[in-house]
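Let me begin by handing over the structure; questions about it come next.
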Amino acid sequence: VFCEVTVTALDAPGLRGATVAIEDRSRDEETEQMRRDFVANVSHELRTPLTALMGFIETLRGPARNDPAARSRFLDIMEREAGRMNRLVADLLSLSRVEQDERRRPAQAVDLGGLLRGVVATLTPAAAAAGVRLELAGTGTTAAVPGDADQLVQVFHNLIENALKYGAGGSVVTVTLAHLAHEPVLRGPAWSVSVADRGEGIDPQHLPRLTERFYRVDTHRSREQGGTGLGLAIVKHIVNRHRGRLRIESTRGQGSRFTVILPEKIGRI
Ligand code: ADP
């Protein structure tokens, strides 16, 4: 516990003594530490591609100037590094926007079935390229929730993209929409959307930390796949804003299942 103690002397005519104020500042200290860590992480994440870009610019000016094959190879790498910076900045902006919105409850009426069909259609070419079959189940009925459609698209996009990245090639990723008549934690009817892969799975000790910003099980693997380490942090904030729940289950070697549970809209869409 971090406490701030303030002692004020009372020194007026006919009055002697002092007041002691003890204030628990552990929370402030924790927030400040998190902010410092975040700035350090962002700087590090930006510096890695920047250093690579600067190195290649030097090489293109010098040794590779008259070597067309090397130049074209280096330009490809530079494009990839610039793309990484671009994704990082886009994710940072998303995260900051989502955090700002977190207190305002989203009020649009969103049909989850239609929304999921759209996200799956967008990601089907990426799934085919990764050699993964992307299946969608349970979207036959109207599933209405109060929500922010763009943010919910981002949630399912991030989860399915992860399943494609970390799921094993040649296997299946299944997205399932289901109705829950009474969700005990939300204490009412809800819709659940689960994204399940049959990939490498995640060791249990990582599960509680996965939604922290920049937390990765395997940093090299994440970077190689073009990850920013912010996808699940964004998911968590959006789900919180919707007063929903995110559940993560995983078995090493067998795959993972990410389930988003959203309270049902009362009334008609
Ligand atoms: P990243 O951009 O690194 O993918 P995320 O925040 O989306 O960042 O995910 C954090 C980490 O969680 C990933 O780096 C990866 O280690 C792990 N992870 C996420 N989804 C899966 C999955 N479906 N299977 C295995 N590991 C996963």
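The values are calculated or read from the model by the stated rules, or taken from the named source; none is laboratory data. Because the structure is a prediction, the values reported are computed rather than measured. When we count neighbours, we look across all protein chains shown, and the Cβ atoms used for this are built from the backbone with ideal geometry, even at glycine. Each accessible area value is taken on the protein alone, full model and side chains, heavy atoms only, with ligands, DNA and RNA left out. Shrake-Rupley method; radii C 1.70, N 1.55, O 1.52, S 1.80 Å.
Can you tell me which of (1) at pLDDT below 95; (2) farther than 21 Å from His179 by Cβ; (3) more than 10 Å from the ligand (Cβ to nearest atom) is the one Gly226 doesn't meet?
So Gly226 meets the others, but not (3).
Only one of (1) of a type outside the set (Gly, Ala, Ser); (2) out of contact with any His (no Cβ under 6 Å at 6 or more places or on another chain); (3) open to solvent by less than 40 Å² (accessible area, probe 1.4 Å) fails for Arg133. Which number is that?
If we test Arg133 against (1) of a type outside the set (Gly, Ala, Ser); (2) out of contact with any His (no Cβ under 6 Å at 6 or more places or on another chain); (3) open to solvent by less than 40 Å² (accessible area, probe 1.4 Å), just (3) comes out false.
From the list Ala233, Ala196, pick out the single residue that is near the ligand (Cβ under 10 Å from one of its atoms), touching a Leu at 6+ places or on another chain (Cβ under 9 Å) and either within 26 Å of Asp148 (Cβ to Cβ) or free of Cβ contacts under 8 Å to residues at least 24 places away in the same chain (or both).
Answer to the check: Ala233.
Check the range 50-59 and report whether any residue there is under 21 Å from the mean Cα position of the chain (by Cα) and closer than 30 Å to His237 by Cβ.
So in the range 50-59, the residues under 21 Å from the mean Cα position of the chain (by Cα) come out as none.
Within the range 50-59, none of the residues are under 21 Å from the mean Cα position of the chain (by Cα) and closer than 30 Å to His237 by Cβ.
Also, quick follow-up: Within the range 144-168, track down each residue that is away from the ligand (no atom under 16 Å from the Cβ) and part of a helix (DSSP H, G or I). Full working, then the answer.
Taking the range 144-168 first, the residues away from the ligand (no atom under 16 Å from the Cβ) are 144-150, 152.
Selection gives Ala149, Asp150, Leu152.
Looking only at residues that are modelled with pLDDT of 95 or more and not hydrophobic (A, V, I, L, M, F, W, C) in the range 163-188, which one is farthest from the chain's Cα centre (by Cα)?
Result: His179.
Sticking with this one: Within the range 178-231, restricting attention to residues that are basic (Lys, Arg) and within 30 Å of Thr141 (Cβ to Cβ), which residue is surrounded by the fewest Cβ atoms within 10 Å (Cβ to Cβ)? Outline the logic, then answer.
Residues of the range 178-231 basic (Lys, Arg): 187, 198, 209, 213, 216, 221, 223.
Going one step further and asking which of them are within 30 Å of Thr141 (Cβ to Cβ), we end up with 187, 198.
On the way: Arg187: 9, Arg198: 18.
Among those residues, the one meeting the criterion is Arg187.
Could you say which residue among Ile261, Ile248, Ile234 is open to solvent by less than 70 Å² (accessible area, probe 1.4 Å) and part of a helix (DSSP H, G or I)? It would help to see each step written out before you state the result.
On the way: Ile261 fails: part of a helix (DSSP H, G or I); Ile248 fails: part of a helix (DSSP H, G or I).
Testing whether each residue is open to solvent by less than 70 Å² (accessible area, probe 1.4 Å) and part of a helix (DSSP H, G or I) leaves just Ile234.
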